[in-house]
Amino acid sequence: LLLLSSVRQWGRRTLRRNAAPPIPWFALGLVCVAALNSVVTVPASLLKWAGSLSALAMATAMAANGLDADWSQIRKLGPAPLVLATTLWLYLMLVGAGVAHFLVGVLP
């Protein structure tokens with residue numbers, strides 16, 4: 001899927017100029033780490049450290065999204081986008097909690 005998407009985007013870019021196809025390095029890194037984890041036994045302490053680093057990276061990315069928001073533009077749009085965002089957030093939290101609760105009860 002990543003390869004097809006990359007080729008499709010490259011096809012669009014070559015119509016405008018000769019450009020190399022974009023390479024999704026983060027996705028390739030994810031595939032390599034998953035393959036390595038399947039082949040090599042990774043120590044639990046390293047997995048715990050990697051999980052903490054992952055959580056920190058996600059929190060940093062989410063904070064960057066919030067800090068990059070132009071609040072004056074959001075205020076101009078009125079309350080509808082904020083109501084929608086809050087509703088979607090609540091939906092995701094409730095569905096996520098429901099799925100987690102279900103899986104904890106089903107899986108040993």
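The values are calculated or read from the model by the stated rules, or taken from the named source; none is laboratory data. These figures come from a predicted structure and were not determined experimentally. Cβ atoms come from the backbone with ideal geometry, glycine included; neighbour counts cover every protein chain shown. For the accessible areas, the whole protein counts, side chains as well, though only heavy atoms, and no ligand, DNA or RNA atoms are used. Shrake-Rupley method; radii C 1.70, N 1.55, O 1.52, S 1.80 Å.
Taken as a whole, segment 53-75 holds at least one residue that is modelled with pLDDT under 90, surrounded by 10 or more Cβ atoms within 10 Å (Cβ to Cβ) and not aliphatic (A, V, I, L, M). Listed by first and then second residue, the pairs linking a residue in segment 72-97 that is part of a helix (DSSP H, G or I) to a residue that is open to solvent by less than 100 Å² (accessible area, probe 1.4 Å) and not aliphatic (A, V, I, L, M), with Cβ atoms under 8 Å apart and 6 or more places separating them unless they lie on different chains, are Ile74/Pro81.
Taken together, the criteria place Leu4 among residues that are in a helix (DSSP H, G or I), loosely packed, with under 10 Cβ neighbours inside 10 Å, of a type in the set (A, V, I, L, M) and at pLDDT below 90.
The set of residues in segment 25-52 being surrounded by 10 or more Cβ atoms within 10 Å (Cβ to Cβ) and assigned to a loop (DSSP other than H, G, I, E, B) consists of Val42 alone. The residue list Ala63, Ala59, Ala69 contains one member that is closer than 27 Å to Phe26 by Cα and not in a helix (DSSP H, G or I), which is Ala69.
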